[in-house]
Amino acid sequence: MTPVKNPPEALPVRIGHGFDLHRLESLPPDGEGKPFILAGVTFEHPVGPVGHSDGDAVFHAVTDALLGAIGEPDIGQLFPDTDPVNEGRDSSDFLREASRRIREAGFAIGNLDVTVVCERPKLNPMKSTMIENLARVLDCDTRQVNIKGKTHEQVDAIGEGRAVAVHVVVLLTSCKNSGPEMK
Ligand code: MG
């Protein structure tokens, strides 16, 4: 029997996975941490991410999930941390570019599921704002975006408050041959 080979362009959906981790340090002058920004929300916290851009690990992981779903280069290739243009840069720029690329490739957001792993700060009070920020940058409905907060049970670097990690999966749906474009 001849194996079925689906050409990529025939697939009605694409799945993408993204991951990011940032070391957390005290803010200057005691360390190199930046204000703790997650999904565009700045949290009041004594430590923050070390990074070339603004260090928003949620926007970074979502960017990589979108790019991965359409087989494009990752965030580090598109926006190198050796390029002064990206220093301190608002990470919504990266996400907006990834969003533009998936639409250019003929896809739209199906749904997005984000897991943030850190001991503190607690995300719950700001979760809806984080979701709204993601939906706004991605130009999709807030019901297509989900965020979960987890701790690392006080073990390892994340559990000891020295790092934050973010996992993302995204499902994209093809806009080709499907009538009006879905957002
Ligand atoms: Mg990052």
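Have a look at 92, 35, 149 and report the one farthest towards the positive end of the charge dipole of the chain, computed about the Cα centre with Cβ charges (Lys/Arg +1, Asp/Glu -1).
149
Charges only on Cβ, +1 for Lys and Arg, -1 for Asp and Glu: so what's the dipole of region 18-121 about the Cα centre, in debye to the nearest 20? Spell out each step's value before the answer.
Values: 8 positive and 19 negative charges, 64 e Å.
Rounded to the nearest 20 debye, it is 300 debye.
Over the chain, what is the mean sequence separation of C-alpha contacts under 8 Å (at least six apart), divided by residue count, expressed as relative contact order in percent? Show your work: numbers first, answer last.
Working: 387 pairs, mean separation 53.0, N = 183.
After rounding, I find 29 percent.
By Kyte-Doolittle mean hydropathy of at least 1.0 and Cα axial length of at least 20 Å, which whole DSSP H helices of the chain are selected? It would help to have the intermediate numbers written out before the result.
Working: long enough: none.
Counting only whole DSSP H runs, no helix qualifies.
Give me the one-decimal nm value for the distance between modelled label points at residue 150 and residue 23, 7 Å along each residue's Cα-to-Cβ direction.
2.4 nm
Does the chain come out rounded, prolate or oblate, given a ≥ b ≥ c as the square roots of the eigenvalues of its C-alpha gyration tensor, rounded meaning a/c under 1.5 and, failing that, prolate meaning a/b above b/c? Working shown, then result.
Working: a/c = 1.98, a/b = 1.84, b/c = 1.08.
Because a/c hits 1.5 or more and a/b exceeds b/c, the chain counts as prolate.
Show me, for region 18-27, the HN-Hα J-couplings you get by feeding each phi into the Karplus relation (A = 6.51, B = -1.76, C = 1.60, θ = phi - 60°), rounded to Hz, glycine and proline as x.
x, 9, 8, 9, 10, 5, 10, 9, 4, 6
Pull out the extension gain between residue 129 and residue 85, defined as 0.36 nm times the separation in residues minus the alpha carbon to alpha carbon distance; nm, one decimal. Write down the numbers at each step before the final one.
Values: separation 44, 0.36 × 44 = 15.84 nm, distance 2.77 nm.
Extra length available between residue 129 and residue 85 comes to 13.1 nm.
Add -39500 (n - 2.57) for each DSSP H run of 4 or more in the chain, then divide by its residues: what number comes out at 222 nm, to the nearest 500 deg cm²/dmol? Working shown, then result.
On the way: 5 runs with 46 residues, N = 183.
That comes out to -7000 deg cm²/dmol.
Find the lysine pairs in the chain meeting two conditions, Cα atoms under 16 Å apart and a separation of 8 or more places or different chains, and report how many there are. Let's see the in-between values first.
Working: 122/148; 122/150; 127/148; 127/150.
Close lysine pairs under the 16 Å cut-off: 4.
Name the long-range amide H neighbours of residue 110: under 5 Å, sequence gap of 5 or more, or other chain; modelled H, no Pro or chain starts.
171, 172, 173
How much of the DSSP bridge set in region 10-174 is antiparallel, in percent, rounded to the nearest 5? Working shown, then result.
On the way: 27 of 33 bridges.
In region 10-174, approximately 80 percent of DSSP beta bridges are antiparallel ones.
Could you give the distance between the Cα centres of region 60-126 and region 132-179, to the whole Å?
When both Cα centres are located, 10 Å separates them.
For Cα pairs less than 8 Å apart in space and 6+ apart in sequence, what is the mean separation divided by the residue count of region 1-75, i.e. the relative contact order in percent?
Numbers: 121 pairs, mean separation 24.0, N = 75.
Relative contact order here is 32 percent.
Let's see if you can work this out: charge +1 on each Lys and Arg Cβ, -1 on each Asp and Glu Cβ, no other charges. What is the dipole magnitude of the chain about its Cα centre, in debye to the nearest 20? Don't skip to the answer; put the middle values down first.
Numbers: 19 positive and 27 negative charges, 163 e Å.
With only Lys, Arg, Asp and Glu charged at Cβ, the dipole is about 780 debye.
Laboratory data are not the source of any read-out in this text; all were calculated from the coordinates shown. Quantities reported herein were computed from a predicted structural model and do not represent experimental measurements. Methodologically, a virtual Cβ is constructed for each residue, glycine included, from the backbone with ideal geometry; neighbour enumeration extends over all protein chains shown.
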